[in-house]
Amino acid sequence: MSGLQKKDLGPEVYWWDEHFIEAPSSEHFQPAWWEHQERVLGSSKGRNTAWFVRGDHTDMVLRHYYRGGLVGKILTDQFWLEPVEKSRAMREFALLQWMSDEGLPVPRPCAARFARDGVFYRADLLITMIPNSRDLFRIMTDDGPLSAARWQAVGKTVRQMHDKGVYHSDLNCHNIMLDNHDKVWLIDFDKCERREPGEWQQANCDRLLRSLRKELGKNPKFGWQDSDWAAFEAGYNGDS
């Protein structure tokens, strides 16, 4: 179970799980601080950089929140001020904590920061790192098509998430991971939420299928073939 702690210092608010971090401060959300401590394990330079760092109790991923779209070209990492519990980092922290406690295969949240800046705020999140894992995009690019058993496992895991009423706003091959034991993990729950059952569940699966076809369109060597979708559906529908 989680050990949620909260601290409001006025300009900054911290939420954290005491099992992973004892007392977070602004330094814990600065990559330069981790570099000075010689605790940076690496980074992932996708649309926005994520830093892999070695904490006192576990390895973690540090992510700063950025805006997208046209607004993001002006307000790169500033969001309009809103209640702390509705802010980007705290919402993802709370959802990940609930999902972890429900037994879903997601990273555990370690700490989150809400930093006020006039009428704006900035946000950061620390989560546990999934060891010895790669996302489906990397696996299918490096190794080719997944086996039917792996696709069934992916389908089963997505179904588990949906059965708990969790909507993933960006379900794609970059946000599904496999570790070295072939366990499936789901990541990146920014702007995701819990919902009542509905048409969104099928739409979520359709989004994943579109992402796979899109990657194949960009790279003919990407290991996707539409015939593999039947294995995903078998896992999702419990036919495996």
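Looking only at the stretch 35-55, residues that are surrounded by 13 or more Cβ atoms within 10 Å (Cβ to Cβ), small (Gly, Ala, Ser) and not in a strand (DSSP E or B) come to 1 in all. Among the conditions (1) within 20 Å of Ala234 (Cβ to Cβ); (2) without any contact (Cβ under 8 Å) to a residue 12 or more places away in the chain, Glu85 misses just one, which is (1). Taking first residues from the stretch 201-212 that are within 10 Å of Leu171 (Cα to Cα) and partners that are of a type in the set (A, V, I, L, M), the Cβ contacts under 7 Å between residues at least 6 apart in sequence or on separate chains come to Asn204/Leu171; Cys205/Val158; Arg207/Leu171; Leu208/Leu171.
When you go through Val119, Val154 one by one, which is the residue that is surrounded by fewer than 15 Cβ atoms within 10 Å (Cβ to Cβ) and either at pLDDT 95 or above or out of contact with any helix residue (DSSP H, G or I) (no Cβ under 6 Å at 6 or more places or on another chain) (or both)? Write out each step before concluding.
Numbers: Val154 fails: surrounded by fewer than 15 Cβ atoms within 10 Å (Cβ to Cβ).
Criteria check complete, one pass: Val119.
Take Glu38 and tell me if it is at pLDDT 95 or above and outside the structural domain of Glu193 (by TED's automatic domain parsing). In short, yes. Is it true that some residue in the stretch 91-99 is at pLDDT 95 or above, farther than 15 Å from Ile187 by Cα and among the aromatic types (Phe, Trp, Tyr)? No; the residues of the stretch 91-99 include none that is at pLDDT 95 or above, farther than 15 Å from Ile187 by Cα and among the aromatic types (Phe, Trp, Tyr).
The combined condition, being at pLDDT below 95 and either closer than 30 Å to Ala23 by Cβ or surrounded by 21 or more Cβ atoms within 10 Å (Cβ to Cβ) (or both), is fulfilled by Pro131.
Glu102: modelled with pLDDT of 95 or more and out of contact with any Lys or Arg (no Cβ under 7 Å at 6 or more places or on another chain), yes or no? Steps first, please.
On the way: modelled with pLDDT of 95 or more: yes; out of contact with any Lys or Arg (no Cβ under 7 Å at 6 or more places or on another chain): no.
For Glu102, the condition - modelled with pLDDT of 95 or more and out of contact with any Lys or Arg (no Cβ under 7 Å at 6 or more places or on another chain) - is not met.
Taken together, Gly155, Gly165 contain a single residue that is more than 16 Å from the chain's Cα centre (by Cα), of a type in the set (Gly, Ala, Ser), under 30 Å from Pro83 (Cα atoms) and not assigned by TED's automatic domain parsing to the domain that holds Glu22, which is Gly165. If you go through the stretch 211-224 and keep only what is surrounded by 12 or more Cβ atoms within 10 Å (Cβ to Cβ) and either not aliphatic (A, V, I, L, M) or not assigned by TED's automatic domain parsing to the domain that holds Thr141 (or both), you end up with Ser211, Arg213, Lys214, Glu215, Asn219, Phe222, Gly223, Trp224. For the stretch 75-106, a tally of residues being within 19 Å of Tyr167 (Cα to Cα) and of a type in the set (A, V, I, L, M, F, W, C) returns 10. Just for the stretch 86-116: of the residues that are of a type in the set (Asp, Glu) and assigned to a helix (DSSP H, G or I), which one is surrounded by the fewest Cβ atoms within 10 Å (Cβ to Cβ)? Filtering first and then ranking leaves Asp101. Scanning the stretch 1-33 for residues that are within 12 Å of Asp124 (Cβ to Cβ) and touching a residue at least 12 places away in the same chain (Cβ under 8 Å) yields Glu12, Val13, Tyr14, Trp15, Trp16, Pro24, Ser26, His28, Phe29, Pro31.
The values are calculated or read from the model by the stated rules, or taken from the named source; none is laboratory data. Note that the structure is predicted; figures quoted are calculated from it, not measured. Cβ atoms come from the backbone with ideal geometry, glycine included; neighbour counts cover every protein chain shown.
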